[in-house]
Amino acid sequence: MVVLGGGSGGYACALRAAELGLSVVLVEKDKLGGTCLHRGCIPTKALLHAAEVADAAREGEKIGIRSSVAGIDMAGVNAYKDGIVGRLYKGLQGLVAARKIQLVAGAGTFVAPTAIEVGDDRYVGRHAVLATGSYARSLPDLEIGGRVITSDQALTLDEVPQRVVVLGGGVIGVEFASVWRSFGAEVTIVEALPHLVPAEDEFASKQLERAFRRRKIAFKTGVKFTGAKQTDSQVTVSLESGEEIEADLLLVAVGRGPNTTGHGYEQAGVAMERGFIRVDERLRTNLPGVYAVGDIVAGLQLAHRGFGQGIFVAEEIAGLNPPVIDEAGIPRVTYCEPEVASVGLTEQQARERHGEIQTLTYDLGGNGKSQILRTSGAIKLVKTGAAGTPGPVVGLHMVGARVGELIGEAQLIYNWDAQAEDVASLVHAHPTQNEALGEAHLALAGKPLHTHG
């Protein structure tokens, strides 16, 4: 097998294939681990943890702890972040070496039928797996540089900006907005769609917006960006409404695009659509023996989706016939404060797919551990069928501090077609936030305890 790209999808595919006895060549032009490890998931979550520590110190007086924040040492924060990335990178290099995977450093070009060229060398496999990931997108006529940055540059700032405009209220935008607010910056998010995190259930969006208002994170939704002008000292952002916002930095967080240009895909005859590689449900391209995984395949742009797809393809090639991945069953977490976590269908999607449904919302005000953490939020469940009729839970949506840690049980509930009664009969540990999932299902099963109404 020849794998082009050593990010989450590519390296997972390579590791699993080697484990199954296949010989593997893995081509990577940068560093093993890709965007997730070096410029995405891991470094941003390190910043978010530093932000959580800052918030905890700032609010210590409220729980009897005499603590305060004297300032943010970005050199120290970056050293902490980079140390985590470095340790994980070293570990990943060791895993690849231990599995006897041939790692080729360099920019690869795909050549049909199943070959990758790197410089003057050609690597031919029985199968090829394309896994070249994604890049930070911008908007037409908006040039990145100076005081206009993407998440790549935001991860290496050596000081905290005083005023920031975040263009885009999706996952990346709200996470950086959360970090900078915790570090003391004034933040304004601009989102063209009607809500923050617009891909989530509207319930989650409204919960997050309420929390951001309390945190004094400004946001303007349903308004379009029209331009930005910068000087040596500031950037001025113009909106369709005629309003102008002055800031030290403009973070462009309008999503990520598939990294499919310049790798020879179209020239080799790979079928494309809107820049993405077209695949079937088993991740096969239109070319025999050629697969694609991760962000170059249309759908959720999540590291763990690519990771899962990489494992799937390795097992498919090895003849294990793995079950097709249900995209709705892949958990989604936004790690701002408060966190947003979900799996399955939104209420609207469930109505479109199943017709009659039932929803239930459980407020975290009734959960002891959430009160200890001083977080507010809620859990929303979506089940098929009318109230009082059997039907699986097809959507779980959570907002609150640390609710990302609850997504494991939530994804089991969705992926194993559990009904409310199945979960209600399980005894959840007390006091944990995990209890909130149990309480929500008790209420959905018709036997509410710590709920009103």
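Between the stretch 175-249 and the stretch 30-94, how far is it from one alpha carbon centroid to the other, in angstrom?
If you average the Cα positions of each part, the centres end up 23 Å apart.
Check SER134: other-chain or 5+ apart residues with amide H under 5 Å from its amide H, H built from backbone geometry?
Those lying under 5 Å, H to H, from SER134 are ASN259.
Find the accessible area per residue for the stretch 1-158; the probe is 1.4 Å, ligands and nucleic acids are left out, and the unit is Å².
I get 50 Å² per residue for this part.
So with the 1.4 Å probe, I'd like the accessible area per residue for the stretch 378-453, rounded to whole Å².
Result: 44 Å² per residue.
Could you tell me the ratio Rg/Rh of the stretch 202-314? Both radii from Cα atoms, Rh via Kirkwood.
Dividing the radius of gyration by the Kirkwood radius yields 1.13.
Among residues other than ARG402 whose Cβ falls under 14 Å from its Cβ, what is the net charge (Lys/Arg +1, Asp/Glu -1)?
Residues near ARG402 contribute -4 overall.
Antiparallel versus total DSSP beta bridges in the chain: what percent is that, nearest 5?
Percentage antiparallel, nearest 5: 65.
Around PHE219, which amide H atoms from residues at least 5 apart in sequence, or from another chain, sit under 5 Å from its own amide H, with H modelled in the peptide plane?
The list, which skips near neighbours in sequence, is ILE189.
Give or take rounding to whole Å, what are the principal axis extents of the alpha carbon atoms in the chain, in descending order?
66, 62, 43
Per the 1.4 Å probe, what fraction of the accessible area of the stretch 201-338, in percent, lies on carbon and sulfur atoms?
Taking all protein chains in place, the stretch 201-338 shows 47 percent carbon and sulfur surface.
In whole angstrom, how long is each semi-axis of the equivalent ellipsoid of the stretch 1-110, when you take the square root of 5 times every eigenvalue of its Cα gyration tensor and sort them from largest down?
40, 13, 10
Mind checking the stretch 189-251 for chymotrypsin sites (Phe, Trp or Tyr not before Pro) that DSSP puts in a loop (not H, G, I, E or B) and that have at most 11 other Cβ atoms within 10 Å?
When the chymotrypsin sites (Phe, Trp or Tyr not before Pro) of the stretch 189-251 are filtered for loop state and at most 11 Cβ neighbours within 10 Å, nothing remains.
Normalise the Cα radius of gyration of the stretch 55-138 by 2.2 N^0.38 Å (N = residues in it) and let me know the number.
Normalised Rg, Cα atoms only: 1.92.
Hey, can you grab everything whose amide H is under 5 Å from the amide H of GLY7? Only 5+ residues off in sequence or another chain; H modelled, so Pro and N-termini drop out.
HN-HN under 5 Å from GLY7: GLY33.
Cα-Cα pairs above 16 Å in the stretch 130-240: how many percent?
61
Rg to Rh for the stretch 283-374: what is it, with Cα atoms only and Rh by Kirkwood?
Rg/Rh for the stretch 283-374 comes to 1.11.
Taking the Cα centre of the chain as origin, sum charge times position over the Cβ atoms of Lys and Arg (+1) and Asp and Glu (-1), and report the length of that vector in debye to the nearest 20.
520
Among the lysines, which have Cα under 29 Å from the Cα of LYS31 when same-chain residues fewer than 8 positions away are ignored?
LYS45, LYS81, LYS90, LYS100
Pairs of Cα atoms under 8 Å, at least six residues apart: use those to get the relative contact order of the stretch 328-374, whole percent.
With pairs under 8 Å counted, the relative contact order is 22 percent.
How much net charge surrounds THR114 when only other residues with a Cβ under 13 Å from its Cβ are counted (Lys, Arg +1; Asp, Glu -1)?
Neighbour charge sum, excluding THR114 itself: +2.
Multiply the residue gap between LEU103 and LYS29 by 0.36 nm, knock off their C-alpha separation, and tell me the result in nm, one decimal place.
Net length gain for the segment: 25.6 nm.
TYR414: accessible area at probe 1.4 Å, nearest 10 Å²?
Only protein atoms counted, so the area is about 20 Å².
How big is the stretch 297-453 in terms of Cα radius of gyration and Dmax, in angstroms?
Cα radius of gyration and Dmax of the stretch 297-453 are 16.4, 54 Å respectively.
Taking a cut-off of 19 Å between Cα atoms, list the lysines near LYS206, but don't count ones fewer than 8 places away on the same chain.
Cross-link targets: LYS216, LYS220, LYS380.
Provide the net charge surrounding ALA75, with neighbours chosen by a C-beta distance below 12 Å and charges set as Lys +1, Arg +1, Asp -1, Glu -1.
Its environment carries a net charge of -3.
Give me the lysines in straight-line cross-link reach of LYS383: C-alpha distance below 18 Å, same-chain residues under 8 apart excluded.
The qualifying lysines are LYS447.
The values are calculated or read from the model by the stated rules, or taken from the named source; none is laboratory data. Just so we're clear, the structure is a prediction, and the values are computed from it rather than from any experiment. For neighbour counting, all protein chains shown are included, and Cβ atoms are generated from backbone atoms with ideal geometry for every residue, glycine included. These area figures cover heavy atoms from the full protein model, side chains too; ligands, DNA and RNA do not enter into them. Shrake-Rupley method; radii C 1.70, N 1.55, O 1.52, S 1.80 Å.
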